[in-house]
Amino acid sequence: MTDDRIITIVEVGPRDGLQNEKDVISTEDKLRLIELLADAGLTRIEVTAFVSPKWVPQMADHDAVMRRASRRPGLLLSALVPNEKGAAAAIAAGAQELAVFASASETFALKNTNCTIAESIERFKPVLALAKAHALPVRGYVSCAVDCPYEGAIPPSAARGVSERLLEIGCREIAVADTIGRATPERIDMMLKQVIKSVPVDQLACHFHDTSGQALADVDVALEHGVRTFDSAVGGLGGCPYAPGAAGNLATERLVLHLQHTGFVTSVDPAKLRAAVAHTLPFARR
Ligand code: HMG
Ligand code: MG
């Protein structure tokens, strides 16, 4: 087995998966979900977001979730943070990786974070400085890398430009996102062709929502480009409260099986993952 067949999955279910749920999900339920995901072999889990509780009430228990989440060797617990305040709180609570989020669409940047793209990059600089002081890696998301719920199609050059800025300020990994899950494999191909001109492919991850049922086809395109890190959410939960029409993330269980069937290897045991999927069913039904 060559390293080229090994895929890293970043499980975003406890954060992206749950942030959009209307009913309050208890901290205990979130912690149990994280434990089941770790049991299933996931090695990178985005466990919560240190964002404003006024903007995303579902993540208001970020401190308790991060402090109490299951810690084990080989497991990296990550926190989404919008600014220095969030980064400081996440680090104090024991985050092992931070993720900042920029957008290739100006309108989405304003709707989601109340600032322009350029202002968001400025806000991230102190986050990167704090992370460096604590020797923590930082991932940078590029939301709306292909489509924006407000502006429509986004030119690949815009996704490339924001990716470059995030690399310049010190992000170790760039995660390009189809936030509303309406891209086609052809448009993902065009976007990746551009982004790869600026981001080394071993520092690139893809984050696909699955609104149109195209996410696995998008994964195949990204695999052809050499991408080996993919985000997904257990049970296909997910969506962004500030991206109308964004349905769930690509389901981790579908991604794992698809990769297995196409000759790739992950750290995830599909049988054990079923327990985590079962745990999400009551949330999905609400
Ligand atoms: P703002 O209102 O402009 O912030 O929001 P502000 O700096 O003016 O502060 C206003 C209040 O928020 C103050 O409190 C601050 O202390 C507080 P007050 O004095 O009113 O009591 N505040 C915070 N509280 C907790 N944690 C913080 C924080 N920062 C300020 N970190 C802000 C700006 C960025 C904070 C806000 O817009 C926000 O929290 N946005 C987050 C939206 C969000 O979480 N969206 C979903 C995640 S992104 C996503 O899903 C996309 C992704 O999955 C990839 C993809 O699919 O595209 C990653
Ligand atoms: Mg997302």
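Summary table
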{"read-out": "Dimensionless Rg over Rh [the chain; C-alpha; Kirkwood]", "value": "0.92"}
{"read-out": "For Ala246, net neighbour charge (Lys/Arg +1, Asp/Glu -1) across residues whose Cβ lies under 11 Å away", "value": "-3"}
{"read-out": "Convex hull volume per residue for region 98-244, taking Cα atoms only, in Å³", "value": "102"}
{"read-out": "Projected area, mean over directions - region 152-212, Cα convex hull, nm²", "value": "3.9"}
{"read-out": "Solvent-free Debye scattering, log10 I(q)/I(0), computed from the Cα coordinates of region 181-232 at q = 0.17, 0.28 Å⁻¹", "value": "-0.44, -1.14"}
{"read-out": "Distance between region 219-286 and region 25-104 - C-alpha centres, whole angstrom", "value": "18"}
{"read-out": "Computed magnitude of the charge dipole of region 26-145 (debye, nearest 20; Cβ of K, R +1, Cβ of D, E -1)", "value": "180"}
{"read-out": "Computed over the chain: relative contact order in percent, which uses C-alpha pairs under 8 Å that are six or more apart", "value": "22"}
{"read-out": "Cys with no candidate disulfide partner in the chain (beta-carbon separation under 4.7 Å rule)", "value": "Cys115, Cys171, Cys206, Cys240"}
{"read-out": "Segments 197-205, 209-217 sorted - mean Cβ within 10 Å per residue, highest first", "value": "209-217, 197-205"}
{"read-out": "Lys/Arg +1, Asp/Glu -1 at C-beta; region 154-286 dipole; positive extreme among Cys240, Gly263, Ile169", "value": "Cys240"}
{"read-out": "Neighbour cut-off at most 12 other Cβ (10 Å), DSSP loop, trypsin sites (Lys or Arg not before Pro), region 96-183", "value": "none"}
{"read-out": "For the chain, size of Cβ-based charge dipole, Lys and Arg +1, Asp and Glu -1, in debye", "value": "540"}
{"read-out": "Antiparallel %, DSSP beta bridges [both residues in region 1-128], to 5", "value": "0"}
{"read-out": "Computed E for Asn114/Ala271 - FRET, C-beta separation, R0 51 angstrom, nearest 0.05", "value": "0.70"}
{"read-out": "Residue among Pro53, Leu281, Ala205 farthest towards the positive dipole end of the chain, charges placed on Cβ", "value": "Pro53"}
{"read-out": "Cα gyration tensor category, rounded, prolate or oblate, for region 176-286 with a/c compared to 1.5", "value": "oblate"}
{"read-out": "Cβ-defined net charge surrounding Glu84, 12 Å radius [Lys, Arg +1; Asp, Glu -1]", "value": "+2"}
{"read-out": "The chain, helix-only ellipticity at 222 nm - DSSP H runs n ≥ 4, -39,500 (n - 2.57), divided by all residues, nearest 500", "value": "-12000 deg cm²/dmol"}
{"read-out": "Summed side-chain charge close to Ala153 - residues other than Ala153 whose Cβ falls under 13 Å, Lys, Arg +1, Asp, Glu -1", "value": "-2"}
{"read-out": "Rounded to 5, percent antiparallel among DSSP beta bridges of the chain", "value": "10"}
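Throughout, read-outs are computed from the coordinates displayed, never taken from laboratory work. Given the structure is predicted, the values throughout are model-derived calculations rather than measurements. Heads up, the Cβs are rebuilt from the backbone with ideal geometry, glycines too, and the neighbour counts pull from every protein chain shown.
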